[in-house]
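Notes follow once the structure below has been shown.
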Amino acid sequence: MNIHYHSYDAVIVGAGGAGLRAALETAGKVRTAVITKLYPTRSHTGAAQGGMCAALSNVEEDYWEWHAFDTVKGSDYLGDQDAIDIMCQEAIDAVIDLEHFGLPFSRTPEGKIDQRRFGGHTRNHGEAPVRRACYAADRTGHMILQTLYQQCVAADVNFFNEFQVFDVLFEGEGSARRAAGVVAYELATGDLHVFVSKGVLFATGGYGRIFQITSNAHTLTGDGPGVLFHRGIPLEDMEFYQFHPTGIYGIGILLTEGARGEGGILRNGLGERFMERVAPTVKDLAPRDMVARAIHAEIKEGRGAGPDKDYVYLDLTHLPPEQIDAKLPDISGFVRTYLGLEPKTDPIPIQPTAHYAMGGIPTNVHGEVVIDADNTVLPGLYAAGECACVSVHGANRLGTNSLLDINVFGRRGGRAMVEYVQGVDHPDLPRSVVDPTRERIDALMNSTGHEKVGAIRGELQVAMMRDASVVRTGESLQAALQVIHELRDRYQKVAIDDKGSVFNYDLTEALELGSLLDIAEVLVLGADARKESRGAHWRDDFPTRDDANWMKHTLAHRDESGAITLDYKPVVQGRYEPMERKY
Amino acid sequence: MTTTTVEHTEPTALIKEVDVHLTIKRFNPEVDVRPHWREYDLRLKSSDTVLNALIAVKGTIDGTLSFRRSCAHGVCGSDAMMINGANRLGCVNLISSVGTDLVIEPVRGLPVIKDLVVDMEPFFAQYRSVLPYLIANDDPGYKERYQSPEDRARFDDTTKCILCGACSTSCPVYWANGAYVGPAAIVNAHRFIFDSRDQAASERLDILNQKSGVWRCRTSFNCTEACPRGIKVTQAIEEVKRAILYDRS
């Protein structure tokens with residue numbers, strides 16, 4: 001195994017929306033390397049469909065304050081209101097920026113950026129759904145990813161494609177500790193690359209692959225949070241994991257909320273529009289946590305559809321066929337391909353699918369990673385996008401706010417990193433910093449164990465889906481924890497078939513499994529400790545929100561022995577007082 | 001509560017267990033002098049995709065098999081491969097539609113690195129050569145530029161491209177001539193040439209008027225057949241040819 005050394009001012013890990021947006025801020029200003037385990041255009045930002053909200057008022061009256069209110073309420077009052085204000089204000093600039101970058105938005109007859117309705121986004125503090133989501137048909141994420149990548153090509157950004165980061169480097173101890181680079185594995189050669197840099201920004205996306213049914217790519221394995229957690233950086237609010245209501249039954253592929261924004265209706269096996277019962281005002285456009293729970297309840301109470309009564313329908317059959325063709329072409333294709341059904345005439349079988357991590361690497365509004373309840377900044381370390389927790393999504397993210405998050409906080413993180421690296425010296429590291437990564441790889445290559453990566457991962461996904469998904473209890477979480485501990489023991493004996501150095505995905509999947517196990521454990525511990533129901537975290541044994549005891553963020557810390565402890569920090573309050581969440 | 005009678009069409013009723021026979025072209029540069037075929041037998045569901053079949057081979061029979069994959073539903077462009085002689089994405093082709101006897105090879109026209117993994121660098125270099133980004137020199141200020149729905153529709157088809165390479169690697173000219181930029185690069189040039197906000201159409205047309213450009217195309221339509229996004233690739237190439245000949249001021 002050859003070892004290579006590189007020196008940069010800034011390293012960005014991940015080249016989805018957040019990483020690319022950050023790179024556009026650093027390119028041409030400081031020497032930057034963007035490291036991605038894929039090609040940038042393979043990133044999962046490209047799978048986002050419905051839109052990106054901003055109060056442009058292009059089609060009806062709207063204000064960023066209304067957007068902020070909806071986001072706070074959607075977060076079940078766990079979102080930090082200072083960060084939410086910033087995101088909703090800067091949303092407007094972020095959309096304009098994308099338009100200037102060339103994003104082909106769908107347009108109104110006058111030629112303005114068109115806007116449509118989306119779950120939880122309302123006019124005047126909850127009166128009725130509002131048209132706030134800017135979109136490009138039902139492939140808004142694809143267009144954002146392509147557009148940002150195009151701009152990175154124009155800016156001559158320096159990409160290291162198919163390099164996977166397995167360690168983060170620091171210089172100094174205690175309060176003098178600062179980020180100093182990363183260690184990456186080159187897929188094409190099996191070589192290790194040490195990137196020594198003054199700033200490191202993580203933008204590695206989510207970790208939906210801890211669950212069996214997910215809208216997430218195979219590659220969403222929590223690499224960034226996993227690496228940082230191992231180096232003592234805490235993870236925030238990991239128990240809050242969003243299940244999108246409308247995943248294709250049995251597969252989990254996403255069918256955008258925009259389908260309901262266009263007028264689609266959810267029906268149970270009896271044909272009832274059950275969301276009228278749950279959310280009388282906004283009905284099918286209630287926030288995702290509520291809709292996912294409503295679907296879960298319909299199925300549990302025997303009103304599901306199908307031979308096993310284990311799904312419900314997304315019904316588009318009453319929509320004009322030309323509207324489906326124009327506004328929802330991609331998802332129609334998914335339904336035809338994977339279910340063999342025609343969305344214009346057949347109701348579509350759906351079930352909630354693991355979709356988005358509200359929690360992640362704790363940051364402040366500048367994308368700087370903060371490492372304790374006092375929000376102490378670790379100099380030089382940044383995070384943005386789904387892997388980060390600012391927290392703008394709190395306990396439940398509103399639809400479209402993820403595309404917004406990556407643009408607003410990708411830009412902020414990139415800018416903050418430029419400013420920081422221009423004022424500090426280059427780190428000085430010993431050559432031995434590569435050793436831990438090399439030892440991990442050698443151990444896997446030489447393992448004589450008999451456990452298979454796929455088997456352990458599969459069992460983890462089944463347990464997490466059954467015991468720690470839409471609805472949880474203390475009992476189910478203890479069962480999940482038990483499974484995770486057993487799998488962790490078996491992971492010590494995992495072995496791989498491929499001993500080669502060229503495109504050895506057998507090896508990288510084994511390393512990714514380590515992160516999946518860590519993240520699943522943190523999620524379950526946080527969920528078990530949180531004895532209330534808030535947003536996406538629903539406890540059947542504690543079915544109400546408990547603001548007196550639990551309006552606080554969870555921080556999970558790992559010490560060097562591997563023991564995990566939980567700590568808490570206050571939520572940043574603002575102008576919106578907590579109230580009961582009704583729609 | 002509003003209730004409607006739902007006409008049930010059960011997707012699950014059509015799913016059955018099937019025996020699948022895979023013949024995969026393997027190549028490990030650290031061991032093999034030339035590619036060779038390996039056969040695998042699996043029991044799968046008819047609703048499984050070809051990608052699912054490959055994942056099953058890797059997970060249960062032979063962990064050394066290498067192939068790229070990410071989103072698994074046809075939007076990331078990672079898993080273009082040759083399935084029974086035609087370029088397809090593994091993740092959007094179900095066993096029920098492509099059959100149970102499958103011959104899987106890497107795409108042609110790009111160097112094979114290992115198994116189904118090919119070197120994408122030449123492909124992305126071609127993409128970069130056509131200035132694949134909006135070039136608009138007028139200061140738009142702090143507001144959005146307007147674009148009519150008609151102008152927006154003019155280039156809609158080519159915005160769908162996911163850079164999977166299925167088109168370029170299905171093109172006989174691309175196989176034979178390494179200098180040809182290939183259909184994917186032309187598609188991505190088209191996306192900007194016909195965008196009313198862009199001001200560099202003429203530069204792109206100059207690039208595509210060179211020997212490596214559109215005139216290499218022999219209109220075999222392989223690219224259009226291969227495109228998993230349904231882009232009318234050959235038509236886009238023809239529109240660029242026409243723009244070079246007639247529309248330039």
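Points to keep in mind about this one:
Quick grid of which residues meet (1) modelled with pLDDT under 95; (2) part of a loop (DSSP other than H, G, I, E, B); (3) surrounded by fewer than 24 Cβ atoms within 10 Å (Cβ to Cβ):
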{"position": "A:His100", "(1), (2), (3)": "no, no, yes"}
{"position": "A:Pro109", "(1), (2), (3)": "no, yes, yes"}
{"position": "A:Phe118", "(1), (2), (3)": "yes, no, no"}
{"position": "A:Ala136", "(1), (2), (3)": "no, yes, no"}
{"position": "A:His142", "(1), (2), (3)": "no, no, no"}
{"position": "A:Leu145", "(1), (2), (3)": "no, no, no"}
{"position": "A:Leu148", "(1), (2), (3)": "no, no, no"}
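- Complete set of residues in segment B:127-142 that are modelled with pLDDT of 95 or more and facing chain A (nearest Cβ under 7 Å): B:Arg128, B:Pro132, B:Tyr133, B:Leu134
- When each of B:Ile113, B:Ile61 is tested for being within 8 Å of another protein chain (Cβ to nearest Cβ) and either more than 27 Å from A:Ala326 (Cα to Cα) or free of Cβ contacts under 8 Å to residues at least 60 places away in the same chain (or both), the lone residue that passes is B:Ile113.
- Selected residue (criterion: farthest from the other protein chains (Cβ to nearest Cβ)) from residues of segment A:445-460 that are buried (at least 21 other Cβ atoms within 10 Å of the Cβ) and farther than 17 Å from A:Thr353 by Cα: A:Ile456
For (1) in contact with a Leu (Cβ under 8 Å, 6 or more places away or on another chain); (2) surrounded by 20 or more Cβ atoms within 10 Å (Cβ to Cβ), each residue gets a yes or a no:
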{"site": "A:Ala180", "(1), (2)": "yes, yes"}
{"site": "A:Tyr185", "(1), (2)": "yes, yes"}
{"site": "A:Ile213", "(1), (2)": "no, yes"}
{"site": "A:Gly222", "(1), (2)": "yes, yes"}
{"site": "A:His230", "(1), (2)": "no, no"}
{"site": "A:Phe243", "(1), (2)": "no, yes"}
{"site": "A:Arg260", "(1), (2)": "yes, yes"}
{"site": "A:Asn268", "(1), (2)": "no, yes"}
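- Total residues in segment A:461-507 satisfying the condition of being within 14 Å of chain B (Cβ to nearest Cβ) and surrounded by 17 or more Cβ atoms within 10 Å (Cβ to Cβ): the figure is 13.
- Segment A:557-578, residues that are in contact (Cβ under 8 Å) with a residue 12 or more places away in the chain and not in a strand (DSSP E or B): A:Asp559, A:Glu560, A:Val571, A:Val572, A:Gln573, A:Gly574, A:Arg575, A:Tyr576, A:Pro578
- The requirement of being among the β-branched types (Val, Ile, Thr), at pLDDT 95 or above, assigned to a helix (DSSP H, G or I) and within 27 Å of the chain's Cα centre (by Cα) is fulfilled somewhere in segment A:473-485, by at least one residue.
- Filter pass, B:Leu65 being touching a helix residue (DSSP H, G or I) at 6+ places or on another chain (Cβ under 9 Å), at pLDDT 95 or above, farther than 23 Å from B:Thr224 by Cα and assigned to a strand (DSSP E or B): no
- Considering segment A:270-294, and only residues there that are of a type in the set (A, V, I, L, M), assigned to a helix (DSSP H, G or I) and farther than 23 Å from A:Asp346 by Cα, the residue that is farthest from the chain's Cα centre (by Cα) turns out to be A:Val278.
- Among the conditions (1) modelled with pLDDT under 95; (2) within 13 Å of chain B (Cβ to nearest Cβ); (3) outside any loop (DSSP other than H, G, I, E, B), the only one that A:Ile92 does not satisfy is (1).
- Test for A:Phe160: is it part of a strand (DSSP E or B) and surrounded by fewer than 22 Cβ atoms within 10 Å (Cβ to Cβ): yes
- Residue ID - farthest from the other protein chains (Cβ to nearest Cβ), chosen from residues in segment A:96-146 that are of a type in the set (Lys, Arg), under 29 Å from A:Gly535 (Cα atoms) and more than 23 Å from the chain's Cα centre (by Cα): A:Arg123
- Verdict on A:Met465 being under 29 Å from the mean Cα position of the chain (by Cα), over 26 Å from A:Glu512 (Cα atoms) and of a type in the set (A, V, I, L, M): no
- Verdict on A:Ala297 being out of contact with any Lys or Arg (no Cβ under 7 Å at 6 or more places or on another chain), at pLDDT 95 or above and either part of a helix (DSSP H, G or I) or more than 14 Å from every other protein chain (Cβ to nearest Cβ) (or both): yes
- Criterion applied to A:Ala184, A:Ala176 was being closer than 30 Å to B:Arg128 by Cβ and not charged (D, E, K, R), and the one residue passing it is A:Ala184.
- Out of A:Ala68, A:Ala33, A:Ala22, one residue alone is buried (at least 24 other Cβ atoms within 10 Å of the Cβ), in contact (Cβ under 8 Å) with a residue 24 or more places away in the chain and touching a Ser or Thr at 6+ places or on another chain (Cβ under 8 Å). It is A:Ala33.
- Note on segment A:316-427: enclosed helices (runs of 4 or more DSSP H) holding 3 or more residues that are more than 30 Å from A:Val572 (Cα to Cα) are A:321-327, A:329-339.
The values are calculated or read from the model by the stated rules, or taken from the named source; none is laboratory data. The shown structure was predicted, so the numbers you read here are calculated from the model rather than taken from an experiment. FYI the Cβ positions are ideal-geometry reconstructions off the backbone, even for glycines, and counts take in every protein chain you see.
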